1. Of the residues Ala100, Ala152, Ala157, Ala121, only one is within 21 Å of the chain's Cα centre (by Cα) and of a type in the set (Gly, Ala, Ser); which?
2. So in the stretch 43-75, with the set limited to residues that are in contact with a helix residue (DSSP H, G or I) (Cβ under 7 Å, 6 or more places away or on another chain), of a type outside the set (Gly, Ala, Ser) and not in a helix (DSSP H, G or I), which one is farthest from Phe274 (Cα to Cα)?
3. Can you say whether Thr244 is touching a residue at least 24 places away in the same chain (Cβ under 8 Å) and farther than 30 Å from Ala114 by Cα, as far as the supplied structure shows?
4. Any idea which of Glu224, Glu144 is assigned to a helix (DSSP H, G or I), acidic (Asp, Glu) and within 21 Å of His266 (Cα to Cα)?
5. Go through (1) under 22 Å from the mean Cα position of the chain (by Cα); (2) in a helix (DSSP H, G or I); (3) over 28 Å from Trp83 (Cβ atoms) one by one and return the number of the condition Glu248 breaks.
6. One residue is enough: does the stretch 259-275 have a residue meeting the conditions in a helix (DSSP H, G or I), small (Gly, Ala, Ser) and without any contact (Cβ under 8 Å) to a residue 60 or more places away in the chain?
7. Quick one: which of Ser239, Ser231 is of a type outside the set (Val, Ile, Thr), surrounded by 14 or more Cβ atoms within 10 Å (Cβ to Cβ) and under 22 Å from Met255 (Cα atoms)?
8. Exactly one condition in (1) over 30 Å from Ala117 (Cβ atoms); (2) in contact with a His (Cβ under 9 Å, 6 or more places away or on another chain) is not met by Ala181; state its number.
Amino acid sequence: MNALSAALAPKNTLMSRLAAYFVALGLVFLSFGQHTAQAADRDNVAAFLKITGFDVALDSIAFTASAAPTMLGLEEEDFGLQWQTLADDVFDTTLMRTKALNILEATLEDDMLAHAAEFYASDLGQRLVAMENASYNSDETDKEREGSALLAALEAAEDPRIDLFQRMSMAIDPEDVGSKAMTEIQVRFILAASYAGVISLRTDEDGLRATLNENAEELAAELEQSALENSAYTYRDFSVAELTAYTEALEQPEMMTVYELMNAVHFAVMSDRFEALALRMAELQPAQEL
């Protein structure tokens with residue numbers, strides 16, 4: 001296994017957490033050109049972000065910055081004491097929310113916005129948002145450990161929640177392209193880092209994609225497992241009836257359209273920030289050849 005393959009191997013802890021993050025958000029790689037709806041009111045979009053918890057999900061993109069050095073076969077320490085300051089500056093939460101608002105204001109239909117907001121404004125919807133927000137901000141090590149134990153218990157009991165978790169994931173990402181979005185962000189980030197002189201990349205874009213795809217099946221399995229563990233942890237306090245209601249809400253065509261767009265926004269914001277980070281990392285003068 002070469003340096004790049006080793007750096008990107010799915011069993012790497014930081015990369016595993018990044019993979020889990022993509023699954024939790026149901027990231028979808030899309031073209032914004034598919035959305036030609038009338039622009040929504042900006043204040044309504046801002047309220048929509050808050051009531052759905054999408055604002056907190058956007059903020060949590062900042063947590064993925066810790067995986068950036070690993071993607072390059074480096075460690076945070078290689079970038080010195082200024083690393084965290086740089087990461088915080090690039091993944092500024094106000095900036096990320098503004099970028100998301102700009103996209104959604106121009107692409108989210110008013111009736112789609114109202115449909116999703118109505119569900120999330122309900123008592124069940126607000127409880128779900130509160131738990132999802134808490135999950136984003138939970139300690140990753142504790143969440144992984146508890147999520148794994150909870151899932152094992154559900155599997156042993158043949159609990160119907162597992163089927164609901166799988167249906168939820170399907171509704172959020174029906175094309176199962178979360179791993180493709182993850183690969184695309186890695187490609188863009190690594191190429192940007194190479195162009196900026198942060199690393200010396202001994203392959204072209206096609207070679208890079210081929211290297212990343214070497215572990216595609218293993219990564220897909222890990223993504224699926226991470227999704228189930230994340231759901232077991234996040235929705236541990238909800239009944240089967242409540243999760244059934246949530247699943248059925250997610251499976252409605254209007255909600256699936258909303259998630260398609262929100263997932264695309266996540267991809268756009270995260271990709272933009274990782275490319276910006278690659279350029280800024282050049283200021284810290286690391287040295288690595290992949």
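The values are calculated or read from the model by the stated rules, or taken from the named source; none is laboratory data. Since the model is a prediction, treat every value here as computed from it, not as a measurement. Cβ coordinates were reconstructed from backbone atoms using ideal geometry, including for glycine residues, and neighbour counts include every protein chain displayed.
1. Details: Ala152 fails: within 21 Å of the chain's Cα centre (by Cα); Ala157 fails: within 21 Å of the chain's Cα centre (by Cα); Ala121 fails: within 21 Å of the chain's Cα centre (by Cα).
The conditions single out Ala100.
2. Filtering first and then ranking leaves Glu75.
3. no
4. Criteria check complete, one pass: Glu224.
5. (1)
6. Quick first cut of the stretch 259-275, residues in a helix (DSSP H, G or I) only: 259-275.
Of the ones still in play, those that are also small (Gly, Ala, Ser) are 264, 268, 271.
Checking which are without any contact (Cβ under 8 Å) to a residue 60 or more places away in the chain leaves us with none.
The answer is no, given that none of the residues of the stretch 259-275 is in a helix (DSSP H, G or I), small (Gly, Ala, Ser) and without any contact (Cβ under 8 Å) to a residue 60 or more places away in the chain.
7. Details: Ser239 fails: surrounded by 14 or more Cβ atoms within 10 Å (Cβ to Cβ).
Going through Ser239, Ser231 in turn, just one is of a type outside the set (Val, Ile, Thr), surrounded by 14 or more Cβ atoms within 10 Å (Cβ to Cβ) and under 22 Å from Met255 (Cα atoms): Ser231.
8. (1)
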